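One structure below.
The values are calculated or read from the model by the stated rules, or taken from the named source; none is laboratory data. Source: prediction; values computed, not measured. Here the Cβ positions follow ideal geometry from the backbone for every residue, glycine too, while neighbour counts run over all protein chains shown.
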Amino acid sequence: MMNLLADDFSIQAFVAQILLHLEKVDHPDLHKIFHGMLEKSPPLNHPLETKPPFFQQELEDSIQGIPAQTVSLKPGVEYLANRVYWNDASRGVPEFTVRGYSFGEIIGKFGAYLHDSMRLGLYVQAPSVDYPAHAHDAEEFYLILNGHAEWQIDDESHHAEAGSVFHHPPTAGHRMITSDQPLLALWMWTGAIEGRYWFVGHEEIDCQLK
């Protein structure tokens with residue numbers, strides 16, 4: 001995977017590009033957080049620990065294939081993908097989750113950059129994987145960068161493709177089913193970012209957030 005020189009990367013420029021894709025999202029609190037990061041850059045998190053994802057090839061293929069709808073984010077995604085700690089899910093409950101996705105935090109308590117009221121990161125889901133219905137106290141947004149999936153939010157079903165933005169209100173159940181290609185996305189948590197996470201139908205079991 002190609003890297004940009006560190007001197008060429010600006011987290012504020014990357015945040016500004018994300019904000020352009022969120023212009024039509026009617027959520028003043030989310031926009032306020034992003035504008036705050038534009039006014040004052042989130043500080044680097046030191047020491048910076050990194051780990052590659054289990055789905056490294058899927059990640060690389062997805063980044064290289066980012067289409068025109070989201071290509072403005074490609075340089076930043078390419079740079080940051082090598083500078084985060086990738087978690088390979090089972091969320092601590094492998095009996096409920098197929099090991100089919102990896103996520104890394106860019107901004108937040110565990111991210112490359114620190115922020116106390118937001119978590120923002122990269123997400124890659126392998127082909128033909130059903131990430132079962134789950135929910136959390138945090139409010140969540142997904143910006144799809146590449147790939148296709150069936151996206152379910154409570155009782156509604158949607159088609160995910162590059163440029164799609166999905167909003168999961170707090171405690172809303174959501175499920176993602178990939179096609180024969182991997183899915184690459186940016187995820188954002190606001191609100192109760194240290195609250196509970198659970199699988200729908202197994203609400204009594206607290207799952208790992210990191």
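Note down all Cβ pairs under 8 Å where the first residue falls in the stretch 124-136 and is farther than 22 Å from S62 by Cα, the second is at pLDDT 95 or above and among the β-branched types (V, I, T), and they're at least six residues apart or on different chains.
A135/T171; H136/T171
Given the criteria in a strand (DSSP E or B) and either over 28 Å from P43 (Cβ atoms) or modelled with pLDDT of 95 or more (or both), does L122 qualify?
Answer is yes for this residue.
Filter the stretch 145-164 down to the residues that are farther than 18 Å from V200 by Cβ, under 17 Å from the mean Cα position of the chain (by Cα) and either free of Cβ contacts under 8 Å to residues at least 40 places away in the same chain or assigned to a loop (DSSP other than H, G, I, E, B) (or both) and list them by number.
Once the filter is applied, which keeps residues that are farther than 18 Å from V200 by Cβ, under 17 Å from the mean Cα position of the chain (by Cα) and either free of Cβ contacts under 8 Å to residues at least 40 places away in the same chain or assigned to a loop (DSSP other than H, G, I, E, B) (or both), the stretch 145-164 yields G147, H148, A160, E161, A162, G163, S164.
Could you pull out the residue among F141, F110 that is buried (at least 17 other Cβ atoms within 10 Å of the Cβ) and either more than 12 Å from the chain's Cα centre (by Cα) or in a loop (DSSP other than H, G, I, E, B) (or both)?
That would be F110, the only listed residue that is buried (at least 17 other Cβ atoms within 10 Å of the Cβ) and either more than 12 Å from the chain's Cα centre (by Cα) or in a loop (DSSP other than H, G, I, E, B) (or both).
Suppose we filter P170, P127 for residues that are assigned to a loop (DSSP other than H, G, I, E, B), at pLDDT 95 or above and farther than 24 Å from G65 by Cα; which single one remains?
Unique residue meeting the criteria: P170.
Can you tell me which of (1) acidic (D, E); (2) surrounded by 17 or more Cβ atoms within 10 Å (Cβ to Cβ); (3) modelled with pLDDT under 95 is the one E105 doesn't meet?
Failing condition for E105: (3).
Suppose we filter the stretch 144-159 for residues that are farther than 17 Å from P170 by Cα and surrounded by 15 or more Cβ atoms within 10 Å (Cβ to Cβ); how many remain?
So the count comes out to 6.
Between a residue in the stretch 18-37 that is at positive phi and any residue that is assigned to a loop (DSSP other than H, G, I, E, B) and basic (K, R), which pairs come within a Cβ distance under 9 Å, given they are 6 or more apart or on different chains?
Filtered contacts from the stretch 18-37: no entries.
Kindly indicate the residue of the stretch 75-102 that is of a type in the set (V, I, T) and under 22 Å from T190 (Cα atoms) and also modelled with the lowest pLDDT among those meeting that condition.
V84
Consider K24 against the criteria (1) modelled with pLDDT under 95; (2) farther than 18 Å from L143 by Cα: it satisfies all of them except one. Which criterion is unmet?
Every listed condition holds for K24 apart from (2).
From the list I153, I144, pick out the single residue that is within 26 Å of E78 (Cβ to Cβ) and at pLDDT 95 or above.
I144
With respect to L48, is the statement that it is in a loop (DSSP other than H, G, I, E, B) and either modelled with pLDDT of 95 or more or surrounded by fewer than 18 Cβ atoms within 10 Å (Cβ to Cβ) (or both) true?
Criteria met by L48.
Is it the case that some residue within the stretch 193-202 is within 29 Å of S72 (Cβ to Cβ) and in contact with a strand residue (DSSP E or B) (Cβ under 9 Å, 6 or more places away or on another chain)?
Within the stretch 193-202, one or more residues are within 29 Å of S72 (Cβ to Cβ) and in contact with a strand residue (DSSP E or B) (Cβ under 9 Å, 6 or more places away or on another chain).
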